[in-house]
1. May I ask which residue of 73, 46, 162 lies farthest towards the positive end of the charge dipole of the chain, with charges of +1 (Lys, Arg) and -1 (Asp, Glu) on Cβ and the Cα centre as origin?
2. Who wins for biggest fluctuation among 46, 110, 171 in a Gaussian network model of the chain, springs between alpha carbons below 10 Å?
3. In the chain, carbon and sulfur make up what percent of the accessible area (probe 1.4 Å)?
4. With viscosity set to 0.890 mPa s and temperature to 25 °C, compute the Stokes-Einstein D of the chain, Rh being the Kirkwood radius across alpha carbon pairs; µm²/s, no decimals.
5. Report the gain in length on full extension from residue 78 to residue 24: 0.36 nm times residue separation, minus Cα-Cα distance, nm rounded to one decimal.
6. Would you mind computing, in nm to one decimal, how far apart the modelled labels at residue 52 and residue 112 are, each placed 7 Å from Cα along Cα→Cβ?
7. How big is the charge dipole of region 19-90 about its Cα centre, in debye rounded to the nearest 20, if each Lys and Arg gets +1 on its Cβ and each Asp and Glu gets -1 on its Cβ?
8. Ordering 193, 80, 97 by how much accessible area each has at a 1.4 Å probe, largest first, what is the list?
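The values are calculated or read from the model by the stated rules, or taken from the named source; none is laboratory data. Predicted model, so just to flag it, every value in this text is computed and none were measured. Note that we place each Cβ from the backbone using ideal geometry, even for glycine, and neighbour counts take in every protein chain shown. Heavy atoms of the whole protein, side chains included, go into the accessibility calculation; ligands, DNA and RNA do not. Shrake-Rupley method; radii C 1.70, N 1.55, O 1.52, S 1.80 Å.
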Amino acid sequence: MGRLYILMGKSATGKDTLYQRLANDRELKLNRVVGYTTRPPREGEINGREYRFVDQDERKRIHESGRMIEERVYHTVFGDWYYFTADDGQIDLRTGDYLMIGTLEAYLSIQRRFGAVNVVPLYIEVEDGERLKRAIEREERTGTPKYAEMCRRYLADEQDFSEERLKDAGIMRRYRNRSMEECLSELRARIRDGAPAEPEHPGDSRQTDKNYR
């Protein structure tokens with residue numbers, strides 16, 4: 001059986017870039033899992049690459065067909081945006097390893113669906129001040145910054161990825177994205193080694209420390 005690696009973390013931690021670099025690494029041979037969303041594409045996003053962009057009618061059809069693996073809704077300043085993973089044939093662990101971006105809730109739902117031993121969390125972390133700077137810079141590059149929505153996401157992430165929730169989910173190991181290349185190197189090493197899905201011991205050297213946060 002292959003493994004399903006779920007890349008997760010707060011906004012502006014570099015998940016999209018890390019995902020693309022890992023997915024394009026021929027040595028790792030990872031199959032992509034593309035999630036769905038009802039939000040409109042951001043500048044530079046391509047349908048079927050970052051997400052499968054669908055409307056509410058399509059989301060409803062997938063839900064009613066029983067193919068919805070997990071779903072989250074975000075009450076944004078632009079209305080409700082849904083993100084979800086569907087049982088659409090993308091994931092078959094008998095054929096190899098897979099990579100996807102997800103939230104903590106998505107990770108727990110997918111873990112229940114495919115089994116804890118087959119689902120590996122890759123939690124990306126960036127110091128909060130640096131993360132805010134990156135978020136602002138990203139909005140500025142769009143040409144039409146949506147700062148209110150950026151702030152909502154930033155604050156919501158503090159709740160969604162709180163230390164208590166991470167601990168409850170059994171996620172101990174962190175991959176700190178201070179340097180993109182160093183972070184990629186750590187992630188590649190873990191995937192190449194076929195590291196176990198079980199949480200690392202609390203003594204792991206990459207465990208979050210109070211000074212870092």
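1. Checked the options; the winner is 46.
2. 46
3. On the way: 5390 of 11240 Å².
Of the solvent-accessible surface of the chain, carbon and sulfur hold 48 percent.
4. Values: Rh = 18.0 Å.
Here the translational diffusion coefficient equals 137 µm²/s.
5. Details: separation 54, 0.36 × 54 = 19.44 nm, distance 3.30 nm.
Result for the pair: 16.1 nm of gain on full extension.
6. 2.2 nm
7. On the way: 13 positive and 14 negative charges, 45 e Å.
In debye, rounded to 20, region 19-90 gives about 220.
8. Values: 193 120, 80 75, 97 45 Å².
Ranked from most to least accessible, the order is 193, 80, 97.
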